[in-house]
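A short worksheet on the structure shown next.
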Amino acid sequence: NGRDPRARDTMLARGVRLAERRVLRVAGEDALKLLQGLVTNDVRGLAEPGAPPVYAAVLGANGRVAHDAFFHREMGEGPSGGALLADLPAATFEDAVKLLTKMRLRARVTLDDAGEDFAVLAVGGDEHERSATSYSRADEINDEPTPSTSASASSLLAFLPPDPRLPSLGLRGVLPRAVAEALIEGGAEMARTHGSGGALIGAGAGEKKTSADNADNEASDAAYRRLRYALGVAEGAELVGLMPLECNLEGLNAVSFEKGCYVGQELTARTHHRGVVRKRVVPARFEVANAVDKRGAPLAVAPGTRLFPHTSPNDPNDEALHSRNTSTRAPKPAGSVVASSGDVGLALARLSHLKRAGADSPVMYARFLARDESSFGSDVATLVKTPAWWDKRWTDGIDDAER
């Protein structure tokens, strides 16, 4: 993305506005009842003033993710006090509103686009604390950095609630847009005053400021996206079409297995109780630095690119994978790319291809080739590894399983 990693870290530490998300106000005495029968998590706690945000997904009738949402209780006791503010993906916002409108029927619920009035903000720690700087050596594969949100303590947005998914994701909240912009600009001014980066904008530089604001919006989304990818957390459109357990939503506090019925519950509950999930979303690292494709264009890995087992001369354990693909049959894909941003991204990988980084290591990894099957395509060496927050039960038995 062209931005110095330290600048990204500084930006995340002081707080960013997520332009890829949009806010919907859901109000009315039946609001919680409507959502309780629609989303994967238990939202009844949001009836209490000051309740923490709840993360959840909306599934289709086929049990696959259609939308994800963060539900925040709006502050205040006025006409809109006690309403819920739903932080939704901007790209599918209209579809989500249509679905809620359809499901509302005669329920006493109002749905109002609050995207112009509110902004979604996030405050995170340093990206380099969340991922190894390189995935090329075995010791680095086995390295498990400890994520930290201590950098957020100095942010003007440090009062925001913790992200309900993972402590490593820092803080996340919804604020009136004018307040959000003032606090972010205040944080940037503090950073400039203390020499942490950024350039002062002089009087009469309004046009330059507008351009800089647009660039900052794009950079903010990109920085937060890379943070999520390093942690192996998909969001928004990246989740659409996947099973909730494939994208680890049960480990991200998005699924309640104790609540009552909701759309798509049966398949999710059955998969959970069987304990068999063959594919999961994992962090991925792509070897694209200074590389070009067959046309000479910078190499990039597109979502949807299929992953195939990759052998390494430095890793004799990979020969078992190699030997299975030496027949005349085309090798079977082991997964696909879900999302990418330069050299990092997310992949949906078959767990049977993972191997342990060391005898006593909790980390499991696999090497793949991301294969662009177009006429100009190239193979990109890809490495995936399980993040530290995963439930060890998800990988139990892989070591001894038939591959």
Revision key, fill the gap. Residue-ordered couplings for the range 88-103, obtained by feeding phi - 60° into the Karplus form 6.51 cos²θ - 1.76 cosθ + 1.60 and rounding to whole Hz (Gly and Pro as x), are 10, x, 4, 5, 10, 4, 4, 5, 5, 5, 4, 5, 5, 5, 5, 6
Review point. Would you list I398, I184 from the most to the least accessible area, probe 1.4 Å?
Key: I184, I398
Revision key, fill the gap. With a 18 Å threshold on alpha-carbon distance, the violating pairs from K355/K385; K332/K385; K279/K392; K279/K355; K279/K385 are K332/K385
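The values are calculated or read from the model by the stated rules, or taken from the named source; none is laboratory data. Please read all numbers here as calculations on a predicted model, not as lab measurements. Side chains are part of the model used for accessible areas, which takes the heavy atoms of the whole protein and leaves out ligands, DNA and RNA. Shrake-Rupley method; radii C 1.70, N 1.55, O 1.52, S 1.80 Å.
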